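The values are calculated or read from the model by the stated rules, or taken from the named source; none is laboratory data. Not measured: the values here are computed from a predicted model. Here the Cβ positions follow ideal geometry from the backbone for every residue, glycine too, while neighbour counts run over all protein chains shown.
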Amino acid sequence: MLNWYLVQLKPNGHRLAKANLERQGFKTFLPLQNVTKRSAHKFVDRNVPLFPGYMFVELDTSQNAWRKVNSTLGVARIVSLGGTPTPVPSAIVNEFISRCDDGGVLRPIQGLEVGQDVQVLRGPFADFVAKVEEISPDQRVWILIDLLGQSSRISVAEDAIALAS
């Protein structure tokens with residue numbers, strides 16, 4: 001029976017692991033998020049793994065195929081308990097899949113509400129935590145950011161924020 005499993009990756013090995021697992025016939029899922037990072041005096045948007053160092057792989061453990069996964073380039077190991085791979089509930093993985101576009105990039109939050117704390121993912125205020133003040137119908141969100149002890153009202157795209165953890 002096919003189940004989803006969590007695979008720990010070697011540092012920066014997500015592209016290599018994904019390509020090699022898919023070449024071996026395994027179905028993989030690597031959820032990505034679009035974030036802004038500062039690079040050489042400018043801001044650059046990049047798609048980075050939602051869970052750095054991990055990806056999901058669908059396989060049948062009764063076939064012993066999971067042992068091939070452990071020896072795949074880019075993969076450190078399958079997350080397991082007691083030497084046996086531990087399946088991730090399909091509902092969790094399917095929820096992530098439904099929230100991602102065809103490229104595996106997480107789409108904007110559904111059900112965002114005024115007063116919620118959010119983290120800015122892109123732009124000059126990347127990594128700031130703010131409070132939602134207003135949601136416009138044109139998919140713009142007005143947030144309040146505390147800058148130097150003063151609240152500033154800023155407009156951002158809905159896909160540029162995520163719920164703060």
Problem set entry | Condition met for E58 (acidic (D, E), farther than 16 Å from K10 by Cα and assigned to a strand (DSSP E or B)) | yes
Exercise. If you scan segment 54-64, which residues turn out to be surrounded by 12 or more Cβ atoms within 10 Å (Cβ to Cβ) and over 17 Å from the mean Cα position of the chain (by Cα)?
Worked result: E58, L59, T61
Exercise. Taking segment 1-31 as the search range and keeping residues that are assigned to a strand (DSSP E or B) and polar (S, T, N, Q), which one is surrounded by the most Cβ atoms within 10 Å (Cβ to Cβ)?
Worked result: T28
For this session: Look at R77 and say whether it is charged (D, E, K, R), touching a residue at least 24 places away in the same chain (Cβ under 8 Å) and over 22 Å from G25 (Cα atoms).
Result: no
For this session: Would you be able to say whether some residue in segment 139-152 is surrounded by fewer than 16 Cβ atoms within 10 Å (Cβ to Cβ), within 20 Å of the chain's Cα centre (by Cα) and within 23 Å of K37 (Cβ to Cβ)?
Result: no
For this session: Provide a single number: the residues in segment 86-103 that are in a loop (DSSP other than H, G, I, E, B) and either at pLDDT below 90 or exposed (fewer than 11 other Cβ atoms within 10 Å of the Cβ) (or both).
Result: 4
Exercise. Any chance segment 32-53 includes a residue that's surrounded by 12 or more Cβ atoms within 10 Å (Cβ to Cβ), closer than 21 Å to T84 by Cβ and acidic (D, E)?
Worked result: no
